[in-house]
1. Can you name every residue in the stretch A:42-82 that is farther than 19 Å from A:Ala116 by Cβ and surrounded by 16 or more Cβ atoms within 10 Å (Cβ to Cβ)?
2. Looking only at the stretch A:114-134, how many residues end up being facing chain B (nearest Cβ under 10 Å) and free of Cβ contacts under 8 Å to residues at least 40 places away in the same chain?
3. Do you know which residues across the stretch A:53-69 are in contact with a Pro (Cβ under 7 Å, 6 or more places away or on another chain) and either among the aromatic types (Phe, Trp, Tyr) or within 20 Å of A:Leu81 (Cβ to Cβ) (or both)?
4. Please indicate, with yes or no, whether at least one residue in the stretch A:31-41 is surrounded by 16 or more Cβ atoms within 10 Å (Cβ to Cβ), within 11 Å of DNA strand C (Cβ to nearest atom) and free of Cβ contacts under 8 Å to residues at least 24 places away in the same chain.
5. Would you confirm, using the coordinates I've provided, whether B:Leu16 is within 14 Å of chain A (Cβ to nearest Cβ), buried (at least 16 other Cβ atoms within 10 Å of the Cβ) and part of a helix (DSSP H, G or I)?
6. Restricting attention to the stretch A:19-30, report how many residues are assigned to a helix (DSSP H, G or I) and within 14 Å of DNA strand C (Cβ to nearest atom).
7. Away from chain B (no Cβ under 14 Å) and more than 10 Å from DNA strand D (Cβ to nearest atom): does that describe A:Arg37?
8. Going by what's in this entry, would B:Ser26 be described as more than 30 Å from B:Ala179 (Cα to Cα), within 16 Å of DNA strand D (Cβ to nearest atom) and within 14 Å of chain A (Cβ to nearest Cβ)?
There are 2 protein chains.
Amino acid sequence: MRQDTRQRILATAEELLLSRGFQGFSYHHIAERLDIRTAAVHYHFPTKADLGLALLQRYRERFRWWAWQLREQKVSPVGCLEHFITLERRLVEANRVCPLSVVCVELQGVSDEMSAAAQRLLDDALHWLEIVLESGREANLFHFDGSAAARALVVLVTLQGALQLARLNGIETFDAVRAQIRQDLGLPAIAPTGRVAS
Amino acid sequence: MRQDTRQRILATAEELLLSRGFQGFSYHHIAERLDIRTAAVHYHFPTKADLGLALLQRYRERFRWWAWQLREQKVSPVGCLEHFITLERRLVEANRVCPLSVVCVELQGVSDEMSAAAQRLLDDALHWLEIVLESGREANLFHFDGSAAARALVVLVTLQGALQLARLNGIETFDAVRAQIRQDLGLPAIAPTGRVAS
DNA sequence: GTCTATATAGAGATAGAC
DNA sequence: GTCTATCTCTATATAGAC
């Protein structure tokens, strides 16, 4: 019945991480929400650095699994991009930011292992996006100059920035940027394959 | 001799804010660096919210003065954009982030007044960039589709994202994005007006 | 695995002397 | 304006009972 406490801690901690930053939540916040004591949290994650690392690893595993699923379902490059943007948009709707943003802003306040885990997550995302863009270009779906790697980098940082500033400026900011990204990749204003999940 | 303590506090606090986040520094850190006591810091800024607000106001005033200078010197739109990018690049070099990033990530941990001040800074930056892009387009220096406001938004969020991820991924990330932004605005790979300050 | 209890340290903030 | 001294609260973490 109760190894799932660990999972509930992770889920709650992730919510807190993405809405308040790593330095903005404590074991007390987690324990309070789950109606347990802080000592129980320490049993599962002895130090906060352990918890932070676990959160980033979990996030990365989830991303890899998500990307693997899209591949299994043979989703088109355009569909992949749309799904990815939708993923980020959901964060905006939930008033959250991306864990990469948190680590970058609070870099001096997190352990080296945590920032290394963030680096791996970033590498995965960039690599995945590069493949999507390159295969989409080969299929004549996307149109852009330069290397797919360079374009993937620009798309990712643009989404990161939009995700973040949307918190101050409203979700219209995110949607405006999203439209621009599509246009810069040579897609029509409304994605032809559908899947522009709201 | 000693109203400049206030200025020294602001300068030190800004360094800490941009390198560690708002929740990542304390009055003790400031006092230690200036070799004064925390009570002296509280004299100038009774609460941390007061200090945070002052930091954002100061940042905004500096930006406005900086933009005004460029205008006085009749710097071309291309030069303005280059100067702006250089401004951000210096933050990367100093391993800092933008105050807007800090406020966005730690939004729940800052006062309403602080986030309102960040909003005003963002508005100023967007408005300034919009004018630069629009006047540059009229002078046939920039080439882009859509409104200047929409393009300004994309350029700004892209720089924000690059500034942030460069902290994890290295300054090459920032430079690659910078090159892409230039290209997307129809500029040659190397800016013709010079002023690509290193 | 979870609890109570507690240790330690740091943060934000105030009072009052100089 | 800046200091010493102190207060209160919170955060991280551990010990040991159940």
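1. Correct list: A:His44, A:Ala67, A:Leu70, A:Val75, A:Ser76, A:Pro77, A:Val78, A:Gly79, A:Cys80, A:Leu81, A:Glu82.
2. Within the stretch A:114-134, residues that are facing chain B (nearest Cβ under 10 Å) and free of Cβ contacts under 8 Å to residues at least 40 places away in the same chain number 6.
3. Correct list: A:Tyr59 only.
4. The answer is yes, given that some residue of the stretch A:31-41 is surrounded by 16 or more Cβ atoms within 10 Å (Cβ to Cβ), within 11 Å of DNA strand C (Cβ to nearest atom) and free of Cβ contacts under 8 Å to residues at least 24 places away in the same chain.
5. Yes, satisfied.
6. Keep residues of the stretch A:19-30 that are assigned to a helix (DSSP H, G or I), which gives A:19-20, A:22-24, A:27-30.
Next, only the ones that are within 14 Å of DNA strand C (Cβ to nearest atom) stay: A:23-24, A:27-28, A:30.
Of the residues in the stretch A:19-30, 5 are assigned to a helix (DSSP H, G or I) and within 14 Å of DNA strand C (Cβ to nearest atom).
7. no
8. Details: more than 30 Å from B:Ala179 (Cα to Cα): yes; within 16 Å of DNA strand D (Cβ to nearest atom): yes; within 14 Å of chain A (Cβ to nearest Cβ): yes.
For B:Ser26, the condition - more than 30 Å from B:Ala179 (Cα to Cα), within 16 Å of DNA strand D (Cβ to nearest atom) and within 14 Å of chain A (Cβ to nearest Cβ) - is met.
Every read-out reported here was derived from the displayed coordinates using simple, explicitly stated rules and does not represent laboratory data. Model, not experiment: these values are computed from the prediction. Quick reminder, even Gly has a Cβ in these numbers, built from the backbone with ideal geometry, and neighbours come from all protein chains shown.
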